[in-house]
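Data block below; observations after.
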Amino acid sequence: MRSDCIPQRSSGLTFRDVSVSYAGRPVFSGVSFTIPAGGFACIIGPSGCGKTTVLRVAAGLVTPSSGSVHFADQALGRPRRDMAVVFQDYGRALLPWRSVAGNVSLALEAAGIPRPERADRIHELLKTVGLRDHARKYPGQMSGGMQQRLQIARCLAQEPRLLLMDEPFGALDAMTRQSLQDEILSIAASRDMTVLFVTHDLEEAIYLGDQVIALDANPGRVDRVIDVALPAPRDQLTTREDAQFVRLRRELHGLMHKEAA
């Protein structure tokens, strides 16, 4: 087959020399990185380095002071239907007066999906995140882990090509956190989504990411982009015992310790 007949895959998420300042004070400066289409990248760094602001720029919620951001070969400047954001504060992200099914339906309504088509899609989405038997419950009747699963299901209802996650598992217990890590890896792979994931947990960054973007602070900037070549699918026991995992953990710990000093 001739090369010009092979479908070309669109590019992923690219930051080119992006800077953000508030009231003349730089939050981060000259940030550049590329996440390939379908890639999973984690951002780590000390408090105040601008991790969440980077994600908000990608979401179109913050306008850069300089530089450019592109996704799928298009400039980003505002929220888009093909991207979704999962927030850490799942309680505030959900509508308490809507049932589980109603919260997921909200995204389908916004996308203009006809009512007769919604029920089957809601059922499949809740099945995907392990909430199939909880459709009639309300957020206040569910655990933190279940609420975060619901927020993820609502985001998936948008059928995003770009999924942005801001420390989504930080407030959850260790067992729930690991379960959701595995679920999001499986979902991202099955839907070929590009994922940008903010975390303060070095092990989580290594476990989830194809690459780890390490920021330093004052102002925030990219210190290093580290490729993670751990085998897939990943496993909570064997992956964390892998010699490469241990080496990367030591390397990232050294970076963060350097910045803290």
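The values are calculated or read from the model by the stated rules, or taken from the named source; none is laboratory data. Every value quoted in this text rests on a predicted model; they were computed, and no experiment measured them. Using ideal geometry, Cβ is built from the backbone for each residue, glycine included, and neighbour counts are taken over all protein chains shown.
Observations on the model:
- Candidates F245, F197, filtered to the one that is surrounded by fewer than 20 Cβ atoms within 10 Å (Cβ to Cβ) and either assigned to a strand (DSSP E or B) or at pLDDT 95 or above (or both): F245
- Residues that are in a strand (DSSP E or B) and either in contact with a Leu (Cβ under 7 Å, 6 or more places away or on another chain) or not basic (K, R) (or both) are absent from segment 171-185 altogether.
Matching residues to (1) over 20 Å from R154 (Cβ atoms); (2) hydrophobic (A, V, I, L, M, F, W, C); (3) modelled with pLDDT under 95:
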position	(1), (2), (3)
P46	yes, no, yes
A75	yes, yes, yes
R81	no, no, yes
Y90	no, no, yes
L94	no, yes, yes
A110	no, yes, yes
R115	no, no, yes
R121	no, no, yes
D133	no, no, yes
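Quick grid of which residues meet (1) touching a Phe, Trp or Tyr at 6+ places or on another chain (Cβ under 7 Å); (2) surrounded by fewer than 21 Cβ atoms within 10 Å (Cβ to Cβ); (3) within 23 Å of I43 (Cβ to Cβ):
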position	(1), (2), (3)
V85	no, no, yes
R92	no, yes, yes
A111	no, yes, no
A119	no, yes, no
L125	no, no, no
R136	no, yes, no
L163	no, no, yes
A174	no, yes, yes
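- Checked against the criteria, T63 counts as surrounded by fewer than 14 Cβ atoms within 10 Å (Cβ to Cβ) and either closer than 26 Å to A205 by Cα or of a type in the set (S, T, N, Q) (or both).
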